[in-house]
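One structure is given below, encoded as structure tokens.
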Amino acid sequence: MCSPRLVFIAALFAVSSFFPTATLAQSNTTVATPANRTDAFISPSDPIGVGDQSADPAHIPANAPFKNAGLPADKRVADLLKRMTLEEKASMVAGSGWMESTPIPRLGIPAIKMADGPLGVRSWAGSSSITGLPGSPLKVLSTSYPSGVAMAATWDTELVNKEGKAIAQNVKALGRDMILGPTVNINRVPLWGRNFEGYGEDPYLAGRLAVAYVKGVQSEGVIPSVKHFAANNEEFERHRIDVKIDDRTLHEIYLPAFKAAVEEGGAWSVMSAYNLINGVHCGEDRELLTGILKGELGFKNFVVSDWGSTYSTAPTVNAGMDLEMPGGQPAQNWLADPALLERGNSGAWLTADKVLAEVKAGKISEAQLDDNVGRILRVIFLSGLFDRPHTGGGEVNTPEQVAVARQAATESIVLLKNDNHLLPLNVKKLHSIAVIGPNSADARTGGGGSSLVAPKYAIAPLEAINNKLAGTGVSVKFALGMTMQGESPDEMKPEFKARLLEEAADAAAHADVAVVVVGRYDKIEHEGADLTTMDLPAGQDELIEAVEKANPRTIVVLNTGNPVTMTKWIDKTPALLDMWYGGQEAGPALAAILFGDAAPSGRLPVSMPKEFKDSPAAANYPGENLHVNYAEGLYVGYRYFDTKNVEPQFPFGFGLSYTTFEYSGLRVTPLALAKGASHTGAVVSLTVRNSGWRAGTEVVELYVHDGHSKIDRPVHELKAFRRVELKPGEMQTVAFTLDSSAFSYWDPEKKGWVVEPGTFEIQVGASSRDIRLKAPLEWKE
Ligand code: BGC
């Protein structure tokens, strides 16, 4: 794959420029793009060898090849397409309900029954504005897992894979077939309302987790949907915002997680995004959906629209949109709301009558329609739905699923500060503990919107601490301290606030130790709107300050998806934990970390800026006149902080343990795979030793620094990582194999990935700013 010049073109096909002067979306002819490759695999005119080439659509023999589960999916698709009428095909590119694709009972084609996700199963009965209401009868009680950013903080691909599997079991138990997730959009700005859903700021980390999740879900025959394709990184005017982004940034930062999910994970579906990219809505961007996704990345399965994100018929179908959602009467009812249209929602463009009319007018070719429908059919076959429909009736919250939710919540907690080993707390030496804060007695399991799961139960920090200390003689005193914004009619009254603060300070002053759980919740941090500030809401800074003044042994716990400004109190805070939104088992997970039943092993999947203005995209957010310029380019997250020497509050990859680790013996061996080939990668090994007195888990992070590049490159980039569990004194050799993707950059001229010969530096450490070992790697011409 690698030429001697070390130019390896990921897109073996000449994909036309990402900045087309005339958009291909308008074209009604099949152009010479990589999509032809995918068109070919289901073209009904292909000699596919399934027999019965002149089938009468009305007559379906019992032994029709498409019914044969033993045949490859593509052969079944080709046979089935030949038996479908044009009307049937036209009906399949739009849904039949809020979360159902269109079935064709005559041919035994089932509807794909979807459910929202990705952090567990949410309702499928209507939009989150209806099903999210407290007491809504449309709620589905399912297992609530930690949010995406929390899962990313585990850096544990095996666990994310188990989570994907468990969620898929929930999906099947509830009689559904598809989960709308994972969300793999990059955390570009710390105010994005949906940061909690995604896997953080680094494309490599997000990619590894996306592959793990997709494989876990698909191993159960459930369809995931990797979303939102692409560059959907703010909620501000999400239907109308036009993202200006260059080809290299798109490829190096915003596409890799999708690429990994598609190429390695074999994802069965991808959801397009609401926003526009360089002037074209993602849902009708042929360059994006057909050129890049289906061509360059070789995606063979179907693209589903985000709910209400289509704006045309022929251009959308021709762009490579395979399934418009929602559909049927629910879509018509929903789109009748003028307020929605006002916000830029749009849909019902791919209804059967509209699609048929465009086919008849020659604006959509039958080959194109076959491609769109064939992709949906392919997934119906691949997932086994055609042969074994999901019937529901299984269980949610099985002991295994709950164990995954608990393990994930525990591993996700990041210890950010621990002066004088305040943590873990020793129950034997403790007499009293004050548990304070608006997030201590209420279980804030997740952010709001389409991902918010209604669990059957959720254990809040206070309840879990009470459970842990029951029968020990340690007294637990609770004080609310502050009501969460929007939760009390009296919240604006100064005397009310003063009383709560006083109670909190009093509780803290009379306890050995104070635990203050602060943060946000789903009414503040949610889909559909961004945060207006990085500061903690509802005067919680004041609360922390008051408690710390009353008791210097204060442990602050953050319960939120996004970073918060900490400048007012961080210097006086001896211990700080980030528990994110941890799902239904977050409380017990926190208690386990506080009392040392588990050692903290989470690491930050995002950089935490000191203040919003320090964050890389602050100057280019949210944009003007509905345009947002990704002018910071590649310099997202630590790529910015570390290259431009801006000190964050806490760096990417950071997290303490209750023990310490030593790194030694870094060896870097160039790897030549083929005879006569120059380097195709490297094997890197090192030894990690637990040098403390407690068992613990280290996350070894490997970064590659390119010091010789002709072009601008971030000072280093994460290219591998591994969790290593070690007993006191134990050591382990960790080995990584790096292929050329660890050294390459996207060359917009060549439209491919390029490695420049020269000396790279392999850096290994415990965060992007704590590099413990370095060694050169010579990459020869
Ligand atoms: C969200 C998607 C979600 C869909 C269906 C949209 O508003 O952006 O992530 O899956 O609704 O609820």
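Since every read-out is calculated from the coordinates, none of them should be taken as a lab result. Note that this is a predicted model, so its numbers are computed, not measured. Using ideal geometry, Cβ is built from the backbone for each residue, glycine included, and neighbour counts are taken over all protein chains shown.
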* **Radius of gyration and maximum dimension Dmax of the stretch 325-406, Cα, Å** => 19.4, 57
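For each pair in 172/417; 165/244; 493/549; 417/719; 259/710; 113/719, compute the distance between the two Cα atoms and list the pairs where it is over 30 Å. Intermediate values should be presented prior to the final figure.
Numbers: 172/417 41 Å; 165/244 37 Å; 493/549 23 Å; 417/719 26 Å; 259/710 26 Å; 113/719 37 Å.
Those over the limit are 172/417; 165/244; 113/719.
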* Compute the separation of the alpha-carbon centres of the stretch 384-421 and the stretch 446-477 and state it in Å as a whole number. => 16
* What list of ³J(HN,Hα) values in whole Hz, one per residue of the stretch 651-659 in order, does the Karplus curve 6.51 cos²θ - 1.76 cosθ + 1.60 (θ = phi - 60°) give from phi, with Gly and Pro shown as x? -> x, 4, x, 7, x, 8, 10, 8, 10
* Kirkwood Rh and Cα Rg combined as Rg over Rh, evaluated for the stretch 238-279 -> 1.03
* **Protection-proxy order for peptides 438-448, 741-751, 627-637, each taking the mean of Cβ atoms within 10 Å per residue, highest first** => 438-448, 627-637, 741-751
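Tell me, what are the semi-axes, in whole angstrom and largest first, of the equivalent ellipsoid of the stretch 313-360 as set by the roots of 5 times the Cα gyration tensor eigenvalues? Walk me through the numbers before you get to the answer.
Details: eigenvalues 87, 28, 16 Å².
Largest first, the stretch 313-360 gives 21, 12, 9 Å.
With the convex hull built on the Cα atoms of the stretch 250-349, state its orientation-averaged projected area in nm².
On the way: hull surface 25.9 nm².
Seen from a random direction, the Cα hull of the stretch 250-349 projects 6.5 nm² on average.
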* To do: May I have the pair-distance distribution P(r) for the stretch 131-176, computed from all Cα-Cα distances with 10 Å bins from 0 and rounded to whole percent?
  => 23, 42, 29, 6
* Asked: Mean projection of the alpha-carbon convex hull of the stretch 137-223 over all orientations, in nm²?
  -> 5.9
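For the stretch 644-719, what is the relative contact order in percent, using Cα pairs closer than 8 Å and at least 6 residues apart in sequence? Intermediate values should be presented prior to the final figure.
Values: 87 pairs, mean separation 20.0, N = 76.
Taking the mean separation of contacting Cα pairs over the length of the stretch 644-719, I get 26 percent.
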* Please determine, in degrees from 0 to 90 and to the nearest 10, the orientation of helix 540-550 with respect to the longest principal axis defined by the Cα atoms of the chain, where the helix direction is its Cα long axis. => 20
* For the chain, what mean projected area does the convex hull of the alpha carbons give, in nm²? -> 33.4
* To do: Using amide H atoms built 1.01 Å from N in the peptide plane, name the residues 5+ places from residue 650, or on other chains, whose amide H lies under 5 Å from its own.
  => 608
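Just to check, using Stokes-Einstein with a Kirkwood Rh over alpha carbon pairs, what's the diffusion coefficient of the stretch 403-457 at 4 °C and 1.567 mPa s in µm²/s?
Numbers: Rh = 14.7 Å.
The Stokes-Einstein estimate is 88 µm²/s.
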* **Overall dimensions of the stretch 448-524 as given by Cα atoms, namely Rg and Dmax in Å** => 15.2, 43
* Structure fact -> Using eta = 1.567 mPa s and T = 4 °C, Stokes-Einstein with Kirkwood Rh from Cα pairs puts D for the stretch 608-694, in µm² s⁻¹, at 75
* Using just the C-alpha positions of the stretch 315-469 as equal point scatterers, what log10 of I(q)/I(0) does the Debye formula give at each q in 0.13, 0.19 1/Å? -> -0.93, -1.31
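Over all pairs of distinct alpha carbons, what does the Kirkwood formula give as the hydrodynamic radius of the stretch 556-642, in Å? Intermediate results must be reported in sequence, preceding the final value.
Values: mean 1/r = 0.0647 Å⁻¹.
Final number for the Kirkwood radius of the stretch 556-642 is 15.5 Å.
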* To do: Considering Cα pairs under 8 angstrom that are at least six residues apart, work out the relative contact order of the chain and quote it in whole percent.
  => 15
